[in-house]
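J.: Shown below is the structure under consideration.
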Amino acid sequence: EWVAYARSRGWEVLAPTSAELDLLQLEKLEAYLEAHRPERVMNCAAWTDVDGAESCPEQAFRINRDAVERIARWTGKHGVPLIHYSTDYVFPGRVSDRDRYPSGYPEDAQTGPINIYGESKRAGEMAVLAQDPHALIVRLSWVCGCHGSNFLKTMLRLAAERDRLQVVDDQIGSPTWAHTVPPVSAALVDRSKEGIFHLSQSGETSWYELACELFRLAGMSVRVDPVPTDEFPRPAPRPRYSRLNLQKVTEAIGQQPIGWREGLPEMVEKLTSA
């Protein structure tokens, strides 16, 4: 999505694959930046296998903290704008936090990740701020789009194979449509914003409600049963509440991100026509 957006603005884009630039090889990362001297850096790369991070913490921290630190060190040294993406998983996601933060976690809420992935991403945030105080960190939640694997694509695939599905209904948050991230991020940079911002679609939902609305819009006849998280034990615990507060980004760009429900029809059309 960033490549498409950048090209639409007439920017020359360097988008190395993991095969071309392995973030586990830190020295090659610095050499790549020095060789190409980019005018802006958008770090969209991360270890995102939440369960896999529990069994491979060293690799997760090497990518989500150490590589990020090298990137921020270079951008900080050369005064190059950096956008780094983080996650709602830096927060503890307690059920009680829904009462404390009914509009979502604000940027300055106390972090407290409950899994290795969240810990590594929070460590990455701190590394960025230490190396490049002018960097922009954008926390996203429940990212879904046309590229890569995500919840919406998984649900559509499973619904085509089965007539009945079980979906967790006690994890509350809000999805982020991937195609909305680059323009908002660029708007923040254009306004010389720095520090931490939260970005998702507005409103809140559960995975169960999101799946039901997805199938309705896609015209798919499938029975969806709500089930508690405890019925799907995973290696890494999941936050029960991870909605992000959008007041800061709304004030910065002058408009609130579109609601998840209002934006879902376009997302479904993109997915089903791809």
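J.: May I ask you to compute the full-extension gain from Trp11 to Glu266, defined as 0.36 nm times their residue separation minus their alpha-carbon distance, rounded to one decimal in nm?
T.: That pair, Trp11 and Glu266, stretches by 89.2 nm at full extension.
J.: Label the range 102-141 by shape, choosing from rounded, prolate and oblate, from the square roots a ≥ b ≥ c of the eigenvalues of the Cα gyration tensor; if a/c is under 1.5 it is rounded, and otherwise prolate applies when a/b is larger than b/c, oblate when it is not.
T.: In terms of gyration-tensor shape, oblate.
J.: Considering only Ile258, Gly148, His134, whose Cα is most displaced toward the positive end of the charge dipole of the chain, charges sitting on Cβ of Lys, Arg (+1) and Asp, Glu (-1)?
T.: The residue sitting most towards the positive pole is Ile258.
J.: Using only alpha carbon pairs under 8 Å that are at least six residues apart, calculate the relative contact order of the chain and give it in whole percent.
T.: 22 percent
J.: Cα gyration tensor of the range 51-191, axes a ≥ b ≥ c as square roots of the eigenvalues: rounded (a/c below 1.5), prolate (a/b > b/c) or oblate?
T.: It comes out prolate by the Cα gyration axes.
J.: Rank Phe197, Phe232 by accessible area, highest first, at a 1.4 Å probe radius?
T.: In descending accessible area the options line up as Phe232, Phe197.
J.: In percent, how large is the relative contact order of the range 109-259, given Cα pairs closer than 8 Å and 6 or more residues apart?
T.: Across the range 109-259, relative contact order equals 32 percent.
J.: Now for a separate question. Compute the normalised compactness of the range 128-168: alpha-carbon radius of gyration over 2.2 N^0.38 Å, N being the residue count.
T.: 1.91
J.: To the nearest 20 Debye, how big is the dipole of the range 19-143 about its Cα centre, given +1 on the beta carbon of each Lys and Arg and -1 on that of each Asp and Glu?
T.: The dipole of the range 19-143 has a size of about 280 debye.
J.: So, one more: Is there a quick way to get the dipole size of the range 150-256? I mean about its Cα centre, with the Cβ of Lys and Arg at +1 and of Asp and Glu at -1; what is the value in debye to the nearest 20?
T.: Charge dipole, the range 150-256, about its Cα centre: 220 debye, nearest 20.
J.: Moving on. To the nearest 0.05, what FRET efficiency results for Glu107 and Arg223 with a Förster distance of 30 Å applied to their C-beta separation?
T.: After rounding, the FRET efficiency stands at 0.15.
J.: Grab the DSSP H runs of the chain that are 4 residues or longer, score each as -39,500 (n - 2.57), total them, divide by all residues and round the 222 nm result to the nearest 500 deg cm²/dmol.
T.: Result for the chain, helices only: -12000 deg cm²/dmol.
J.: For Lys193, Lys77, Lys28, give the ranking by accessible area with the largest first, probe 1.4 Å.
T.: The ranking, largest first, comes out as Lys77, Lys28, Lys193.
J.: Under a plain spin-label model, where a point goes 7 Å from the Cα along Cα-to-Cβ, how far apart in nm are Ser18 and Ile258?
T.: Distance between label points: 3.0 nm.
J.: Moving to a separate point now. Sort largest first and round to whole Å: the equivalent ellipsoid semi-axes of the range 36-129, each the square root of five times a Cα gyration tensor eigenvalue.
T.: Equivalent-ellipsoid dimensions as semi-axes: 26, 17, 9 Å.
J.: When the Kirkwood radius is taken over all Cα pairs of the range 140-274, what Stokes-Einstein diffusion coefficient follows at 20 °C and 1.002 mPa s, in µm²/s?
T.: Estimated diffusion coefficient is 135 µm²/s.
J.: So what is the relative contact order of the range 31-106, in percent, for Cα pairs below 8 Å that sit 6 or more residues apart?
T.: 38 percent
J.: For the range 50-104, what D do you get in µm² per second when you plug the Kirkwood radius from alpha-carbon pairs into Stokes-Einstein at 25 °C and 0.890 mPa s?
T.: 177 µm²/s
J.: For Cys56 and Phe151 in the same chain, what is the full-extension length gain: residue separation times 0.36 nm, less their Cα-Cα distance, in nm?
T.: Result for the pair: 31.9 nm of gain on full extension.
J.: Using the alpha-carbon centroid of each, what span in Å lies between the range 33-78 and the range 166-225?
T.: The range 33-78 and the range 166-225 have Cα centres spaced 24 Å from each other.
J.: From zero outward in steps of 10 Å, how is the percent of C-alpha pairs of the chain spread across the bins?
T.: Percent of pairs per bin, in order: 6, 28, 37, 23, 6, 0.
J.: Now for a separate question. Using +1 at the Cβ of each Lys and Arg and -1 at the Cβ of each Asp and Glu in the chain, identify which of Ser8, His179, Ser86 lies farthest towards the dipole's positive end.
T.: The residue sitting farthest along the positive end of the dipole is Ser8.
The values are calculated or read from the model by the stated rules, or taken from the named source; none is laboratory data. In this text, all values refer to a predicted model and were calculated from it rather than measured experimentally. Note: ideal-geometry Cβ built from the backbone for every residue, glycine included; neighbour counts use all protein chains shown. Each accessible area value is taken on the protein alone, full model and side chains, heavy atoms only, with ligands, DNA and RNA left out. Shrake-Rupley method; radii C 1.70, N 1.55, O 1.52, S 1.80 Å.
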